[in-house]
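Here the structure comes first, spelled out in structure tokens, and everything after it is commentary.
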Amino acid sequence: MRVGISCYPTYGGSGIVATELAMALAERGDEVHVISYALPSRLSFINPRIFFHEVVTPTYPLFDNYPPYSLALSTKMVEVARHAPLDVLHVHYAIPNAVSAVMARQILAPQTLPVVTTLHGTDVTLVGNDPNYLETTRWGIVQSDAVTAVSESLRRTTVEQLAVTKEIEVVPNFIDPARYEAAKAGPGARRWAKPGERIVVHISNFRPVKRVLDVISIFQRVQEKVPSRLILVGDGPERGKVEQYCREHHICGAITFIGSFPLVEEVLVGADLFLLPSESESFGLSALEAMGCEVPVIASCAGGLPEVVVDGETGFLCPVGDVDGMAAAALKLLTDDDLHRRFGEAGRRRAVDRFGQDTVVQRYRSIYQRLTQLP
Ligand code: GMT
């Protein structure tokens, strides 16, 4: 099958899922055409069946600061669909990908191009919900030939907030269990730590919704009782504020800012805890990646996180903003080796059994097969 995949290339979860899906499909024999404005950060896999198509958005004085990316994207989708030719186009993140794809499908007629849209979270909960984008977002979703959401929570929110009555199938995010096994051969997170330090990790795009200052507050409470190091992976708008806070509170020595780093398994393997105290989280891919590396998760019980992390079994979930509760839960795990081991193993089991790449990729493929009648 020839599959087009459109996504954001940056360090957000939707681009990561799209890229991992592209690589998994190509590995299984499909031809995959990735369409984006830059090479996605994790598209490192060398496979002759993967092609990348850059969306170029020419500027013109009339456009001022607003070159029409959605149109350039739609045009690129038409070009790739016509000449590859594509059997199906799978877009990740509704804005503007779903709208551009539906437009491309109309331009291409009578050539058929089924459009699959995967909703990832903020495209519905934050941006899609904004009155300035709401109508086009809803239109892109409703006009898609199939729509998926990464969690039941997101499916419900989409129905409630966007008043979408179309069927939305829940297809969760996934991990490749083999990647984490390979990382185990190396030093993993211990590279960044001193002997005797327990390692706490947080991975995000440092947006306000991630509440990275809560991560620091939890860590400060933990560090008072247990010698430990916090590794922060990722970058984004709140990083400056967080670094400034750490300097003012003289805790920089125990915190390592790695910045954007795509090989997350190298930071997670061997870590002791993963923190994700987000305000909202449709799924929490990084929590799943931590579980895949046998790392217990302390997170907020927001959005789809309870569908990923089982409270009291693979981690602990606390109300948003409850840094005392999260710190207490972290200390419970860090001071009880047996509990810590059991949580780590249960997390890995759940990640592999429920969110393993083979099962989830096959679910996407079944949708493509249903829409195209291809094997
Ligand atoms: O978290 C972000 O701000 C980025 C966003 C994205 O589109 O990349 O992440 C969303 O999609 C991820 C992949 O499906 C999910 O794991 C994240 O939970 C979701 N983020 C939010 O809902 C805040």
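Here is the list for the range 156-230: GluC sites (Glu not before Pro) lying in DSSP coil, each with at most 13 other C-beta atoms within 10 angstrom of its C-beta, are Glu167. What is the Cα centroid distance between the range 95-129 and the range 136-192, reported in whole angstrom? If you average the Cα positions of each part, the centres end up 15 Å apart. Per residue, the Cα convex hull of the range 1-129 amounts to 110 Å³. If you take all other residues with their beta carbon under 12 Å from the beta carbon of Leu331, and give Lys and Arg +1 and Asp and Glu -1, the sum is 0.
Local charge for Glu281 was computed over the other residues whose Cβ lies under 12 Å away, with Lys and Arg +1 and Asp and Glu -1, and equals +1. For the range 177-355, the alpha carbon positions stretch 43, 34, 31 Å along the principal axes, listed from largest to smallest. Residues considered: Leu113, Leu126, Leu331. Largest GNM mean-square fluctuation over the chain, using C-alpha springs under 10 Å, is found at Leu126.
If the chain linking Ala185 and Gln161 were pulled fully straight, counting 0.36 nm for each residue of separation and taking away their Cα-Cα distance, it would gain 4.1 nm.
Near Arg138, within a Cβ-to-Cβ distance under 13 Å, what is the net charge of the other residues, with Lys and Arg +1 and Asp and Glu -1? That works out to -3. What is the percent carbon and sulfur in the accessible area of the range 222-375, measuring with a 1.4 Å probe over the protein chains and ignoring ligands? Carbon and sulfur together cover 49 percent of it. In percent, rounded to a whole number, the relative contact order of the chain is 14, using alpha-carbon pairs under 8 Å and six or more apart.
Helical content of the chain, expressed as a calculated mean residue ellipticity at 222 nm, amounts to -13000 deg cm²/dmol (DSSP H runs of 4 or more residues, -39,500 (n - 2.57) each, divided by residue number, nearest 500). An ellipsoid equivalent to the chain, defined through the eigenvalues of its Cα gyration tensor, has semi-axes of 37, 22, 19 Å when rounded to whole angstrom and sorted largest first. Ligands, DNA and RNA are left out, and with a 1.4 angstrom probe the accessible area of the chain is 41 Å² per residue.
Here the range 52-85 and the range 325-345 have alpha carbon centers that stand 49 Å from each other. For the range 216-369, the relative contact order works out to 21 percent when only alpha carbon pairs closer than 8 Å and six or more residues apart are counted.
Taking Ala287, Ala327, Ala38 as the candidate residues, the one with maximal mean-square fluctuation in a Gaussian network model of the chain, Cα springs under 10 Å, is Ala38. With springs only between Cα atoms under 10 Å apart, run a GNM on the chain and tell me which of Val91, Val171, Val295 wobbles the most. Most flexible of the set in this elastic network: Val171. Expressed as a whole percent, the accessible area of the range 116-200 that falls on carbon and sulfur atoms is 52 (1.4 Å probe).
The values are calculated or read from the model by the stated rules, or taken from the named source; none is laboratory data. Keep in mind the model is a prediction, meaning the values are calculated, not measured. So basically every Cβ, Gly included, is an ideal-geometry build from the backbone, and we count neighbours across all protein chains shown. Quick note on the areas: whole protein, heavy atoms, side chains included, nothing else; ligands and nucleic acids left out. Shrake-Rupley method; radii C 1.70, N 1.55, O 1.52, S 1.80 Å.
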